[in-house]
Amino acid sequence: MHALVGAYVLDAVDDLERAAFERHLRECAACRAEVDEFREAAARLADTTWSVPPPALRANVLDAITTTRQDPAVPVRAVTPKRRFHLVAAAAAVVAAAGVGAAVYAIQDQRVRQERAVAEAARASEARVRAILAAPDLQVREQTLTSGGRVTVASSKLTDAGVIMLAATSAPGEGRVYQLWTIRDDDPASAGALGEGQAATVRIVQGLPASSAVGVTIENAPGATTPTTPLDALVQL
Amino acid sequence: MVTPVLDIEALLARVARGDEKAFARLYDVVAPRVFGLVRRVLRDVSQAEEVAQEVLVEVWRRAPQFDPGRGTPTAWIFTIAHRRAVDRARSERAAADRTVRAGIAAVDTPYDAVADEVAVRLERRQVRHCLDELTGLQRQAVTLAYFQGHTYPQVAELLGAPLPTIKSRMRDGLARLRDCLTTGATA
């Protein structure tokens, strides 16, 4: 995670990576110090870009501030429940981790492609994930994986959708993949398998509230049509 | 620094207490740099004007939260400005997918001067000198991200380098820049 410090200061990360890195920063004083120092250096780059602003800008800005209330000195926590904030951060962390974690097992070229795909998917689904996690009737359930790690399921009847966040400690062995299942009337349907070497994912599942449970298994790559192994985790909804 | 740091810090402290006159003076000191940076990233004057206004109003709004223990007021202001400029550039780019071509066209002149910029010669000379101290890949990674608002995967693609390499070059590039700018303060 800390390898992102340069990209973070240069604003060269996407929103999810930014959220994940800022979470990391909260726990790491040395990293905050490095960020502060890098920001000073980056600001010097900005110092080289003077440009006379259009005269109207001054009047507009000075006018705008007369009707803009200042924030209080100590940032007030958002009224959103804490839990939800953590969830968004957790989703961000998982997506970021999926890009990095998957890489360890893959060869360079494959890794670049995979990371890129993850980044693209993250950008596309991020707004949707946030919308679901912001639903007022959100139900959140969490289970540990027998193989190590955690699966979190957030589901909302109002949006008729849910988000499954899988964060395993490590990817299954070669030729094996994590697979997600939604279970309805004791009948499991695949909600997608992860790639080989992949240990984390965030999946949006349309219609999830109609299911009674979410299951996780480890299957032969690229995944199975019905579960062939005992459940690694079962989350009752 | 072109403007004494203490001046800005004193002004910002007054702004934090809601002093509109102090803000007008702060505006005169920092607006050309804010506008210059935003314009550099966005390459469009009317958009730059819009975003610069958002940035400066945000500076007013968040002034009470500025923490001198975390750094200089200019770094704080430019952090706000850069983030907003990059956010706007990305949403524009997403609409009109012109990232790669624009990026490649600009790789050759990562820190060229804009014609009507007010030259801040000494500062520029030192920053340029320090940018020249970086390796080619460090310099390109840092400037493509900072001045053109590219993400590190985009920079990796533009430069044909692996992602971990680009992440590292951004970090060690900034570290070298920091070292050069601090030791060379009197150059």
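The values are calculated or read from the model by the stated rules, or taken from the named source; none is laboratory data. What you see is a predicted model; the values in this text were computed from it and never measured. All Cβ positions, glycine included, derive from the backbone under ideal geometry; neighbour counts span all protein chains shown.
So which pairs qualify, if the first residue must be in the range A:40-55 and closer than 12 Å to B:Val41 by Cβ, the second must be aliphatic (A, V, I, L, M) and assigned to a loop (DSSP other than H, G, I, E, B), the Cβ gap must be under 7 Å, and the two must be at least 6 apart or on different chains?
Here the result reads A:Ser51/B:Val114, each pair linking the range A:40-55 to a residue that is aliphatic (A, V, I, L, M) and assigned to a loop (DSSP other than H, G, I, E, B).
Residues that are within 9 Å of another protein chain (Cβ to nearest Cβ), under 16 Å from the mean Cα position of the chain (by Cα) and at pLDDT below 95: does the range B:65-72 have at least one?
yes
If only one of A:Ala42, A:Ala73, A:Ala7, A:Ala12 is assigned to a loop (DSSP other than H, G, I, E, B), crowded, with 22+ Cβ neighbours inside 10 Å and either modelled with pLDDT of 90 or more or within 11 Å of chain B (Cβ to nearest Cβ) (or both), which one is it? Full working, then the answer.
Details: A:Ala42 fails: assigned to a loop (DSSP other than H, G, I, E, B); A:Ala73 fails: crowded, with 22+ Cβ neighbours inside 10 Å; A:Ala7 fails: assigned to a loop (DSSP other than H, G, I, E, B).
Answer to the selection: A:Ala12.
Could you please let me know if B:Val100 is under 18 Å from the mean Cα position of the chain (by Cα) and either modelled with pLDDT under 95 or more than 18 Å from A:Arg44 (Cβ to Cβ) (or both)?
no
Table: residues versus (1) crowded, with 21+ Cβ neighbours inside 10 Å; (2) assigned to a loop (DSSP other than H, G, I, E, B); (3) in contact with a helix residue (DSSP H, G or I) (Cβ under 8 Å, 6 or more places away or on another chain); (4) at pLDDT 85 or above.
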site	(1), (2), (3), (4)
A:Pro136	no, yes, no, no
A:Thr146	no, yes, no, yes
A:Arg150	no, no, no, no
A:Ser155	yes, no, yes, yes
A:Gly173	no, yes, no, yes
A:Leu180	yes, no, no, yes
A:Val202	yes, no, yes, no
A:Pro209	no, no, no, yes
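Search the range A:45-59 for residues being surrounded by 16 or more Cβ atoms within 10 Å (Cβ to Cβ) and farther than 18 Å from B:Arg84 by Cα, and hand back the single one that is farthest from the other protein chains (Cβ to nearest Cβ). Steps first, answer last, please.
Taking the range A:45-59 and keeping what is surrounded by 16 or more Cβ atoms within 10 Å (Cβ to Cβ), we get A:45-51, A:53, A:57-58.
Next, from what is left, pick out any that are farther than 18 Å from B:Arg84 by Cα: A:48, A:58.
On the way: A:Thr48: 5, A:Arg58: 6 Å.
The qualifying residue farthest from the other protein chains (Cβ to nearest Cβ) is A:Arg58.
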